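Trainee: So that we are looking at the same thing, I have put the structure below in structure tokens.
Read-outs throughout are calculated quantities, based only on the coordinates presented, and are distinct from any laboratory measurement. Quick caveat: nothing in here was measured; it's all calculated off a predicted structure. Ideal geometry is used to build each Cβ from the backbone, glycine not excepted, and the neighbour counts take in all protein chains shown.
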Amino acid sequence: MIKRVKTIFAILLVALASSLLCSQSFAADKVYRLKLAHSWPTDFPIFGDAIKNMADMAEKMSNGRIKIRIDSKNKHKAPFGIFDFVKSGQYDMGHSGSYYWKGKVPNTLFFTSMPFGMTAEEQYAWFYYGGGFELMQKVYAPHNIVSFPGGNTGNQMGGWFRKEIKSIDDLKGLKMRIPGFAGEILAKVGAKPTNIPAGELFTALEKGTIDALEWVGPSLDLRMGFHKIAPYYYTGWHEPGSELQFMVNKKKWDSFPDDIREILRVAMRAAAYDMYAQSYHESAENWAKMKTEYPNIKVKTFPQAVLQAMKDANDELISEMAKKDPLAKEIIESQQAYLKKVRAWTKISDQSYYESMEKLK
Ligand code: CA
């Protein structure tokens, strides 16, 4: 009798162990097939590279358990539809620019780059250690989206103009492609801002739909050919460190096991930082090329009075936004306080270093 009970017990134990092993190996073998939609044309350099990097890293780090299918705007036909795709779950992931959604959710505009705001390094410090990431989730969570930094372009150039901008009057009535908060500023000083997706920029400029545009900087602008039509190339003020974004459908994100979430988080973060390095490299390469191969480009800085008028418009608009919405106020106060603190350090570290070097033979 005792022997039989022992045998039954042993059989049960083996059955239990094997079922446990089985369920574990089932979890470890599960393949997560995710679909990602982005705002850029197929094989778009730098931005597209960051997405592919992220997907490759996630697949390798997960030993093939994460497979991400990437659809460009050529496939899904909606470069500015990424927010809705991810929110609804039509796509699991997205890659785009947070400030593209300001018409839907005004507080999304704070998480790309703010005019007269932080540079890439300063903003990364804010995102990861200064409360920026948490504020971004506060804006996105009600829309069923988790948003992550998705690659920085570095300081952007102020754009391409057909004519020289000598005073603020030259901006009045000017039709310019310029997204984000900078667009609001230009509207306030009398220009006509609009946003147009990357793939349609050259045609819009060529056809005269717009008189001027900003895109990124030498890393991506030269290959677009804008200089052929608008040779005045202004230095930046409006996007001192533009961060793209990865988005993940929140319901999906919350359903992933810890290891899958962690692999994706690390892959997105590494790909974002790598894009910043690549952007810096490509900017330097193309800037060097520009001087020799594109002699017709006239590099300019906006006159002091024009910059001041835009800064005044910026300050007025920012304080209006803060008054209207408590979350906007919280983000603005966080960014302004952080900028003040971090800039004091940038000045004594980087700026002092550049100035010292300039004076040496
Ligand atoms: Ca831009």
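Trainee: Can you list residues whose amide H is under 5 Å from Lys67's amide H, if they're 5+ apart or on another chain and H is modeled 1.01 Å from N?
Mentor: So Lys67 has HN proximity to Tyr32, Arg33, Leu34.
Trainee: Which values of log₁₀ I(q)/I(0), to two decimal places, follow from the Debye formula for segment 137-194 at q = 0.15, 0.19, 0.27 Å⁻¹ with a uniform point scatterer at every Cα?
Mentor: Cα-only, vacuum Debye calculation for segment 137-194: -0.62, -0.79, -1.11.
Trainee: Sequence gap at least 6, Cα distance under 8 Å: using those rules, report the relative contact order of the chain to the nearest whole percent.
Mentor: Relative contact order, the chain: 22 percent.
Trainee: While we're looking at this one, here's another question. Mark the label point 7 Å from the Cα of His281 along Cα→Cβ and return the residues of segment 111-128 whose backbone N is within less than 16 Å of it.
Mentor: none
Trainee: Further, regarding this structure: Calculated FRET efficiency, Asp258 and Thr292, Cβ-Cβ r, R0 41 Å, to nearest 0.05?
Mentor: Working: r = 52 Å, r/R0 = 1.27.
FRET efficiency, Asp258 to Thr292: 0.20.
Trainee: Within segment 176-309, how many lysine pairs that are 8 or more places apart, or on different chains, have C-alpha atoms less than 17 Å apart?
Mentor: Values: Lys192/Lys207; Lys207/Lys228; Lys228/Lys289; Lys228/Lys291; Lys228/Lys298; Lys228/Lys300; Lys289/Lys298; Lys291/Lys300.
Lysine pairs satisfying the spacing and distance rule in segment 176-309 number 8.
Trainee: Follow-up question, since we're still on this one. So how many Å³ per residue does the convex hull of the Cα atoms of segment 81-215 work out to?
Mentor: Values: hull volume 15.8 nm³, N = 135.
Once divided by residue count, the hull of segment 81-215 is 117 Å³.
Trainee: Follow-up question, since we're still on this one. Provide the packing ranking of 83-89, 348-354, 304-310, i.e. peptides ordered by the mean count of other C-beta atoms within 10 Å per residue, highest first.
Mentor: Going by the mean number of other Cβ atoms within 10 Å, highest first, we get 83-89, 304-310, 348-354.
Trainee: May I pose another question? Considering all projection directions equally, how large on average is the shadow of the alpha-carbon convex hull of the chain, in square nanometres?
Mentor: Here the figure is 24.1 nm², rounded to one decimal.
Trainee: Among Met357, Thr108, Ala37, whose Cα sits farthest toward the positive end of the charge dipole of the chain (+1 at Cβ of Lys/Arg, -1 at Cβ of Asp/Glu, about the Cα centre)?
Mentor: In the chain, that residue is Ala37.
Trainee: Right, another one. Phe202 to Val31: extension gain in nm, 0.36 nm per residue of separation minus the Cα-Cα distance?
Mentor: 57.5 nm
Trainee: Let me ask another. First obtain the Kirkwood hydrodynamic radius of segment 197-275 from its Cα pairs, then insert it into the Stokes-Einstein equation at 25 °C and 0.890 mPa s, and state the resulting D in µm² per second as a whole number.
Mentor: 155 µm²/s
Trainee: Given the Cα-Cα distance of Lys188 and Lys166 and 0.36 nm per residue of separation, how much length would full extension add, in nm?
Mentor: That pair, Lys188 and Lys166, stretches by 6.1 nm at full extension.
Trainee: Moving on to the next point. Using the basic label-point model (7 angstrom from Cα toward the beta carbon), what is the Asp312 to Lys361 distance in nanometres?
Mentor: Placing both labels 7 Å beyond Cα along the Cβ direction yields 4.6 nm.
Trainee: Counting only DSSP beta bridges with both residues in the chain, tell me the antiparallel percent, nearest 5. All intermediate terms of the calculation are to be shown ahead of the outcome.
Mentor: Working: 15 of 32 bridges.
Looking only at bridges with both residues in the chain, the antiparallel portion is about 45 percent.
Trainee: Here's another thing I want to ask about it. For segment 305-361 and segment 173-213, what is the separation of their C-alpha centers, rounded to whole Å?
Mentor: Measuring centre to centre over Cα atoms gives 24 Å.
Trainee: Going highest first, how would you order 128-134, 291-297 by mean Cβ packing within 10 Å?
Mentor: 128-134, 291-297
Trainee: Could you tell me the relative contact order of segment 93-165? Use alpha-carbon pairs under 8 Å, at least six residues apart, and round to a whole percent.
Mentor: Computed value for segment 93-165: 24 percent relative contact order.
Trainee: Right, next: Can you check how the C-alpha radius of gyration of segment 204-361 compares to 2.2 N^0.38 Å, as a plain ratio?
Mentor: 1.35
Trainee: For a label point 7 angstrom out from the Cα of Thr42 toward its Cβ, which stretches of segment 216-236 have the backbone nitrogen within less than 20 Å?
Mentor: 224
Trainee: In addition: Report, please, the projected area of segment 84-144 averaged over directions, based on the convex hull of its C-alpha atoms, in nm².
Mentor: Answer in nm², one decimal: 4.4.
Trainee: If you don't mind, there's one more thing I want to ask. Tell me, Kirkwood radius of segment 51-159 from alpha-carbon pair distances, in Å?
Mentor: Answer for segment 51-159: a Kirkwood hydrodynamic radius of 15.4 Å.
Trainee: Now for a separate question. Quickly rank 171-180, 109-118, 335-344 as a protection proxy: mean count of other C-beta atoms within 10 Å, highest first.
Mentor: 109-118, 171-180, 335-344
Trainee: How fast does segment 28-75 diffuse by Stokes-Einstein, in µm²/s, taking the Kirkwood radius from C-alpha pairs at 37 °C and 0.692 mPa s?
Mentor: Rounded, D is 293 µm²/s.
Trainee: Can you tell me the FRET efficiency between Ser352 and Asp325 if r is taken as the Cβ-Cβ distance and R0 is 35 Å, rounded to the nearest 0.05?
Mentor: Result of the calculation: an efficiency of 0.35.
Trainee: If you take every residue apart from Leu135 with its C-beta less than 14 Å away from the C-beta of Leu135, what net charge results, scoring Lys and Arg +1 and Asp and Glu -1?
Mentor: Around Leu135, the charge tally is -3.
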